[in-house]
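Here the structure comes first, spelled out in structure tokens, and everything after it is commentary.
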Amino acid sequence: MSSPTPVLSPAQLALYFDHTLLKPEASSAEIDRLCDEATRYGFFSVCINSSYVRQAAQKLAGSHVKVVSVVGFPLGACTTETKVFETQTARNHGAQEIDMVLAIGALKEGRAEDVLEDIRQVVLAAGTLPVKVILETCLLTQEEKSLACRLSQQAGAAFVKTSTGFSKSGATREDILLMRRAVGAHVGVKASGGIRTLAQTLEMITAGANRIGASAGVQILDEYRQGSAPAGEGAY
């Protein structure tokens, strides 16, 4: 059962957001703009490909905005050693959180120990940095989603995350409810993929998400600041 929608100030809502730019054609100028927007709007972080981590870390030095690097993105089908190396490199370049893609094929084949070790090795490589595990929920059965959550928790991940945004579909309310039930109160749940509106954002938070990954955060926050939240959901 979902909770009532919390009454949030615009600043509080902004802190739910990983302001995201992961398209393959992203330019250095777009990364700079992403960082400027994150600072201006008060987002929690920027979420970017690892090749831009050093640039973003330098751009955001001295600000409250964190740098999140994706790893094994978007397929999750590279070797564990590759994910570990990418994690170490991102960390050395200034990443402060790691969003890794689950070994989806291994999970679907029932190789739970391989999936567990894949996540565990990235968590170890990340050291003190929080690791989020991207499940790509649209490719998994309900049982596989629950298992992926349990394995992520067992491996020491800080969050489970719905989607890359590069597959068949993204976050759904039903998946957030399932993931929150699976991990309980002590592991984070990040909703990402296809979140473009204020109504979707509030729906995900109400279902149990405590982080939102979106490229539309600016538009969503502008709508919220203008007092356009659905009636009874408390824009301010």
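The values are calculated or read from the model by the stated rules, or taken from the named source; none is laboratory data. For clarity, every value in this text was computed on a predicted model and none was experimentally measured. No Cβ is skipped: glycine too gets one built from the backbone with ideal geometry, and neighbour counts run over all protein chains shown. Accessible surface is based on the protein model in full, side chains and every heavy atom, while ligands, DNA and RNA are left aside. Shrake-Rupley method; radii C 1.70, N 1.55, O 1.52, S 1.80 Å.
Considering only segment 139-153, I want to know if a residue exists there that is within 14 Å of the chain's Cα centre (by Cα), part of a loop (DSSP other than H, G, I, E, B) and modelled with pLDDT of 95 or more. Checked against the condition, which is being within 14 Å of the chain's Cα centre (by Cα), part of a loop (DSSP other than H, G, I, E, B) and modelled with pLDDT of 95 or more, segment 139-153 yields no hits at all.
If you check 206, 164 for being in a helix (DSSP H, G or I), of a type in the set (Val, Ile, Thr) and under 22 Å from residue 19 (Cβ atoms), only one passes: 206. Picking from residues in segment 13-42 that are polar (S, T, N, Q) and surrounded by 13 or more Cβ atoms within 10 Å (Cβ to Cβ), the one that is nearest to residue 213 (Cα to Cα) is 20. Restricting the search to segment 43-72, which residues are closer than 26 Å to residue 226 by Cα and either β-branched (Val, Ile, Thr) or surrounded by fewer than 17 Cβ atoms within 10 Å (Cβ to Cβ) (or both)? Listed by number, the residues that qualify are 46, 63, 64, 65. Each residue in segment 73-101 was checked for being open to solvent by less than 10 Å² (accessible area, probe 1.4 Å) and over 13 Å from the mean Cα position of the chain (by Cα), and 5 pass. Residues considered: 158, 199. Of these, the only one that is more than 26 Å from residue 105 (Cβ to Cβ), among the hydrophobic types (A, V, I, L, M, F, W, C) and either modelled with pLDDT of 95 or more or surrounded by fewer than 20 Cβ atoms within 10 Å (Cβ to Cβ) (or both) is 199.
Residues considered: 61, 11, 77, 29. Of these, the only one that is over 20 Å from residue 129 (Cα atoms) and either modelled with pLDDT under 95 or not in a helix (DSSP H, G or I) (or both) is 77. Being modelled with pLDDT under 95 and crowded, with 18+ Cβ neighbours inside 10 Å holds for only one residue in 229, 191, and it is 229.
Taking every residue in segment 7-24 that is on the phi < 0 side of the Ramachandran plot and pairing it with any residue that is among the acidic types (Asp, Glu) and surrounded by fewer than 22 Cβ atoms within 10 Å (Cβ to Cβ), at least 6 positions away or on another chain, the pairs with Cβ-Cβ distances below 7 Å are 19/37; 21/30.
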